[in-house]
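The values are calculated or read from the model by the stated rules, or taken from the named source; none is laboratory data. Treat the numbers as computed from the prediction; the structure is a model and nothing was measured. As a convention, Cβ positions derive from the backbone with ideal geometry for all residues, glycine included, and neighbour counts pool all protein chains shown.
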Amino acid sequence: MNTKQTKINSDENRRRCRIRECSRPLPKVVVLPLVLGLGIALFHMLGLSEFATLDNLKANRYWILRQTNQYPFIMTAVFMLTYTVSAALSLPIATLLTILGGYMFGQLLGTVYVVTSATAGACIVFSLAKTALGSSLRARAGGKIKIMEPGFRKNALFYMLFLRLIPMFPFFIVNIVPALLGVNLRTYVLGTFIGIIPGTFIFVTAGASLGLIFNSEDTLIIDDILTPNSVILLCSIGILTLLPILYKRLKTPANSVRKRGQ
């Protein structure tokens, strides 16, 4: 009798364990990639990649401006939320949204809204990389981590500024590598926010003059926005951000020689 009761209790315990395992929430390492993958898939399945073009912007330009004038707070919130989500999902519409920000809000406000939204989206990816998802994101970064590691070890803030000013690596890679290398959030936010201002301002300025371009029936070519002078300016600012790192690197051997002499 005791043996039979013990077997019944054992079967009941196993059944309860299976129920608990089935009701247990999925771990972050599974949920987060699913959410990101679903967002990217929906973007392409719904045809948003085909809709997000300058031609469609031109066709709907009067409606966009009318809505922006009538509902400024709502349109600002919608624009910033859309930009933040697109940056977090690394959707290929950042350039178009930046131009749209200049068209809707002008140079100053457009730059503020775009920089703030892009930084928020980048911080979402940064925070995800700090979780269990970091292992899967590390695989996407590949060997670029080793390339960037020396710069972040020497001076994380100035190297972050350099990478944001001069896009040597994809935006998504620059979003996750600092997290994987232990850069703190404050340094990351500051380097991202300040670093993307010059490039953002160039594209927002192009967007602010988009109405004149459309009315004159001219064609805006995105590749022509970054003129040689703009590229030289961005590279010059980027090189300036590396000066503290170069100074520190040159100063260290000098200190070593001085200590040996003593």
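Some points to look at:
- Scanning segment 157-174 for residues that are out of contact with any Phe, Trp or Tyr (no Cβ under 6 Å at 6 or more places or on another chain), more than 20 Å from residue 111 (Cα to Cα) and not aliphatic (A, V, I, L, M) yields 158, 169, 170, 172.
- Segment 188-215 residues that are over 13 Å from residue 120 (Cα atoms), paired with ones that are surrounded by 19 or more Cβ atoms within 10 Å (Cβ to Cβ) and of a type in the set (Phe, Trp, Tyr) (beta carbon under 6 Å, 6 or more apart): 207/103; 210/103
- Unique match (being farther than 16 Å from residue 114 by Cβ, in a helix (DSSP H, G or I), out of contact with any His (no Cβ under 8 Å at 6 or more places or on another chain) and charged (D, E, K, R)) among 153, 164: 153
- Residues being crowded, with 22+ Cβ neighbours inside 10 Å, among the hydroxyl-bearing types (Ser, Thr, Tyr) and modelled with pLDDT of 85 or more are entirely absent from segment 203-213.
- So residue 260, is it within 26 Å of residue 93 (Cβ to Cβ), outside any loop (DSSP other than H, G, I, E, B) and either charged (D, E, K, R) or at pLDDT below 60 (or both): no
Yes or no, residue by residue, for (1) at pLDDT 90 or above; (2) among the hydrophobic types (A, V, I, L, M, F, W, C):
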| site | (1), (2) |
| --- | --- |
| 84 | yes, no |
| 110 | yes, no |
| 114 | yes, yes |
| 128 | no, yes |
| 154 | no, no |
| 177 | no, yes |
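- Top-ranked residue of segment 56-82 - restricted to ones that are basic (Lys, Arg) and at pLDDT below 90, ranked as farthest from residue 213 (Cα to Cα): 61
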